[in-house]
Amino acid sequence: MVEYMTNLNWKDVNIYYLNLDRRSDRRKAIENELKRVQLFKNATRIRGVDGSRLKPKVEKDFLRKFETKAKIKERVLGRIGCYLGHIRALKTALKDAYASESRKNKPVLIIEDDCTFQGNAKNYRGQIAGAPKKADMLYLGGLFWLRGEAKRQLTGGSNTDQKTRKFFKPYQVAGSPWMRIDQSNLKIACTLAYMFPDRKSLHRAYRTIKKNTPTAIDIAYINYIQKGGNCYIYQPEICRPELSFTSDVTTFGKTGEKNPYSNSYTT
């Protein structure tokens, strides 16, 4: 039986947004977005790590041990920089949580600078409905990575979204907008916006990611956190990407199709 939190209020959420120094356009965009939904006062900027500007020793070390199917060096370094940026965000959030007694049990939301919040400011004045207690991670948006029976049944066709909702209904927490991520049928790829409900879950995630082989950060969460079966995604998603920005992590989409996302967002 799923326990619920009753105190997951937007005003208590500590937000950390990742942004590269060279992307002042994206910094302006995400800060304007946070101001639009009146969450900017909760937010702390985290300097992203530019994979193309790593120190030679760090680059060599990560190229040796970093697991990825990417073959082009630029793409590999982009993933390494993204991984290191998220590690920095986790570490900073954890340091802040231990530095202040009032912050230790506050939820932490990590977002990337192409994140957009659905709805207007009034949506972010109250509680985040029915959030599962003791969750390892809470995704506010993400990409379906269908597998197993779900992949066989749901791919293709014009009514894929409707079929998807019906197929995953058993994983929806009763009376709640949250859906449990069951890796037998789907994984959630993407690190656009994800939350840790308290310091304990944040510390557990940081420790787990650091002790395992480094890989693309969304894959790290899939392999090391989601597999525990205690991760959830909000339905319909709270956060979506601003698709006018091309990826800083991969070259895919820069000379081809404008939308670099090949998987379907949850609906």
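With the full set of protein chains in place, find how many percent of the accessible area of the chain is carbon and sulfur; take the probe as 1.4 Å.
Numbers: 6520 of 13660 Å².
Its accessible area is 48 percent carbon and sulfur atoms.
Structure shown: which of K11/K95; K65/K95; K106/K134; K41/K95; K151/K187; K35/K91 lie over 22 Å apart, alpha-carbon to alpha-carbon? Can you show the working numbers first?
Details: K11/K95 20 Å; K65/K95 27 Å; K106/K134 13 Å; K41/K95 19 Å; K151/K187 11 Å; K35/K91 25 Å.
Distance filter (> 22 Å) returns K65/K95; K35/K91.
Charging the Cβ of each Asp and Glu at -1 and of each Lys and Arg at +1, and nothing else, the dipole of the stretch 98-226 about its Cα centre rounds to 480 debye. Note on exposure: D113, D25, D218 ranked by accessible area (1.4 Å probe, complete protein assembly) read D25, D218, D113, with the most exposed listed first.
Counting only protein heavy atoms and a 1.4 Å probe, the stretch 1-158 has 55 square angstrom of accessible area per residue.
Quick one: if you take sqrt(5λ) for each eigenvalue of the C-alpha gyration tensor of the stretch 22-159, what semi-axes come out, biggest first, whole angstrom? Write down the numbers at each step before the final one.
Working: eigenvalues 159, 126, 61 Å².
In descending order the semi-axes read 28, 25, 17 Å.
With the other protein chains left in place, how much accessible area per residue, in square angstrom, belongs to the stretch 166-222 at a 1.4 angstrom probe?
39 Å²
Residues whose amide H comes within less than 5 Å of that of T116, counting only those at least five positions distant or on another chain, are R240, E242 (H built at 1.01 Å from N in the peptide plane).
The charge dipole of the stretch 1-87, taken about its Cα centre with unit charges on the Cβ atoms of Lys, Arg (+1), Asp and Glu (-1) only, comes to about 520 debye.
Projecting the Cα atoms of G126, Y234, L109 onto the charge dipole of the chain (Cβ charges, centred on the Cα centre) puts L109 farthest toward the positive pole.
The values are calculated or read from the model by the stated rules, or taken from the named source; none is laboratory data. From a predicted model like this one, the values you see are computed outputs, not experimental measurements. Neighbour counts are summed over all protein chains in view; Cβ atoms, including those assigned to glycine, are modelled from backbone coordinates with ideal geometry. Remember, those area values only see protein heavy atoms, side chains included, never the ligands or the DNA or RNA. Shrake-Rupley method; radii C 1.70, N 1.55, O 1.52, S 1.80 Å.
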